Amino acid sequence: MPSNQRENARKEKQLAKERKIRLIIWIVLIVIVFVLAAMRVAEIDFSSLKSKLSPGGIGITTEADAYPYSLDTSSGVKLSFVNDRLVALTDMSCKVLNPTDAKEVYSFLSGYANPIMTTAGKYMFTFDQGGTRFRLDSITENVYESTLKETVICGDVAKNGNVVYACRNSANKTELVVMNNSLKKLVKFRVKDRYIVAVAIDSSGKKFACATVNSKDGKIVTTLHTYNIGDDKPKAEFVYKESNVIDLQYTSSGELYYVADDTVHLIKSQKKDVEVFAHGSVNTVAYNYTGDGELVYIYAKYSDAVDNHIAYVNSNGKVKTEITVKQKPKFVSATNDICVLFSDKLVTYSLTKGEQKDSFNCDDSVTSAYKLSSKIFITRHQLIDVMETKVTK
């Protein structure tokens with residue numbers, strides 16, 4: 001029996017030893033988990049996790065994911081979409097990102113003081129407004145960069161890489177140039193007794209337009225000129241008295257929007273003027289364009305009006321959707337749904353039906369918002385963040 005007692009004692013000691021080893025292992029694992037958690041907490045910028053958009057069906061990614069994405073800038077970020085890529089432009093650089101994971105596809109340093117970018121197809125035309133440099137890039141490579149003796153005023157790009165730009169020389173005379181993506185000049189002329197303030201080129205690169213201004217009897221007169229490349233004379237000219245042009249934009253079907261501070265017109269076939277909103281009947285608040293170049297326009301009927309109106313104007317010049325809101329918006333986009341940013345909230349609407357789809361609280365640091373599929377890309381300071389919308393109805 002003594003031998004059995006010794007055997008039992010040995011087994012008991014072995015079991016105790018195994019229990020002790022298991023306990024040590026569990027303690028070590030628990031310590032590792034706590035250490036990893038502490039390291040993760042130490043790495044997290046809690047301010048980036050604080051929701052700028054809150055309840056109403058929104059999911060916010062953490063810094064462990066692709067977003068928020070930070071850029072090196074002190075003057076904010078301008079977003080655009082080129083093909084299926086997200087383009088982020090700052091005063092220091094331009095970055096082309098895959099929107100799903102924020103992986104960089106292409107980038108360049110510009111150092112432009114006031115960078116402005118226009119896009120079409122795979123091309124991005126970037127110019128230093130008030131400076132002398134401009135460049136053409138695709139989403140994967142640089143096509144060219146050029147420096148002028150004159151200062152660049154405005155520019156636009158077509159899907160085939162044709163570019164139109166206007167510049168001003170030291171004598172304060174303005175000139176318009178259209179050139180292809182090999183820097184060959186297709187059109188060049190100087191404007192007399194007027195100043196070019198806006199230009200546009202259609203998606204085919206075969207039609208373009210410019211707006212010029214002069215003064216008559218102490219009042220501003222804007223003239224819109226349309227051209228076909230290869231013609232010696234303008235296709236048509238339209239005079240708008242006491243009208244301050246803000247933007248020109250061709251639709252994908254070749255119609256041209258004239259957006260001013262107090263009127264909107266559509267030019268059909270380069271020669272027929274369709275008045276969408278009569279001169280003096282509106283005060284322009286904000287505007288943007290769909291992927292087909294159609295206009296989403298926000299206006300008030302007078303400067304301090306409580307009611308603001310969101311209008312989707314199609315390429316026939318018809319207002320297809322109109323929404324009235326009781327607050328002044330500060331930004332609008334229409335990459336997917338209509339996305340309207342106010343000082344304290346973000347609201348999305350159906351482009352074709354006008355019905356409200358989602359509403360989120362936000363603060364005034366959010367400067368722009370674009371909806372793409374189920375995601376909303378926002379900018380604030382030097383950050384791009386992405387939000388996930390959810391079905392709440």
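The values are calculated or read from the model by the stated rules, or taken from the named source; none is laboratory data. This one's a predicted model, so the numbers in the text were calculated from it and none came from an experiment. Using ideal geometry, Cβ is built from the backbone for each residue, glycine included, and neighbour counts are taken over all protein chains shown. Remember, those area values only see protein heavy atoms, side chains included, never the ligands or the DNA or RNA. Shrake-Rupley method; radii C 1.70, N 1.55, O 1.52, S 1.80 Å.
Assorted remarks:
- Tally of residues being of a type in the set (A, V, I, L, M) and more than 19 Å from ALA211 (Cβ to Cβ) across region 146-172: 2
- Residues that are open to solvent by less than 80 Å² (accessible area, probe 1.4 Å), free of Cβ contacts under 8 Å to residues at least 24 places away in the same chain and out of contact with any strand residue (DSSP E or B) (no Cβ under 7 Å at 6 or more places or on another chain) within region 294-321 comprise just one, ALA305.
- Here is the figure for region 219-274: residues that are outside any strand (DSSP E or B) and either within 19 Å of LEU176 (Cα to Cα) or of a type outside the set (S, T, N, Q) (or both) total 14.
- Selection count where residues are of a type in the set (D, E, K, R), farther than 16 Å from ASP385 by Cβ and more than 12 Å from the chain's Cα centre (by Cα), scope region 68-106: 5
- Taken together, VAL143, VAL177, VAL157 contain a single residue that is in contact with an Asp or Glu (Cβ under 7 Å, 6 or more places away or on another chain), of a type outside the set (D, E, K, R) and open to solvent by less than 60 Å² (accessible area, probe 1.4 Å), which is VAL143.
- Residues that are out of contact with any Lys or Arg (no Cβ under 9 Å at 6 or more places or on another chain) and in contact (Cβ under 8 Å) with a residue 40 or more places away in the chain within region 276-293 comprise TYR287, ASN288, TYR289, THR290, GLY291, ASP292, GLY293, listed in sequence order.
- Residue count for region 173-201 under the criterion of being assigned to a strand (DSSP E or B) and free of Cβ contacts under 8 Å to residues at least 40 places away in the same chain: the result is 11.
- SER374 meets the stated requirement of being open to solvent by less than 70 Å² (accessible area, probe 1.4 Å), small (Gly, Ala, Ser) and at pLDDT below 90.
- Within region 245-271, being within 26 Å of ALA300 (Cβ to Cβ), in contact with a strand residue (DSSP E or B) (Cβ under 6 Å, 6 or more places away or on another chain) and not β-branched (Val, Ile, Thr) holds for ASP247, LEU248, GLN249, GLU255, LEU256, TYR257, TYR258, ALA260, ASP261, HIS265, LEU266.
- Within region 322-346, tally of residues that are touching a Lys or Arg at 6+ places or on another chain (Cβ under 8 Å) and open to solvent by less than 10 Å² (accessible area, probe 1.4 Å): 4
- Within this structure, SER170 fails the test of being in a loop (DSSP other than H, G, I, E, B), buried (at least 21 other Cβ atoms within 10 Å of the Cβ) and modelled with pLDDT under 95.
- Pair list, Cβ < 6 Å and 6+ apart or interchain, from region 153-166 residues that are within 11 Å of SER182 (Cα to Cα) to residues that are open to solvent by less than 10 Å² (accessible area, probe 1.4 Å) and in a strand (DSSP E or B): VAL163/PHE125; VAL163/VAL157; VAL163/MET179
- Residue in region 347-367 that is farthest from the chain's Cα centre (by Cα), counting only those that are surrounded by fewer than 20 Cβ atoms within 10 Å (Cβ to Cβ) and among the β-branched types (Val, Ile, Thr): THR352
- Residue count for region 182-211 under the criterion of being among the hydroxyl-bearing types (Ser, Thr, Tyr) and either buried (at least 17 other Cβ atoms within 10 Å of the Cβ) or under 13 Å from GLN270 (Cβ atoms) (or both): the result is 2.
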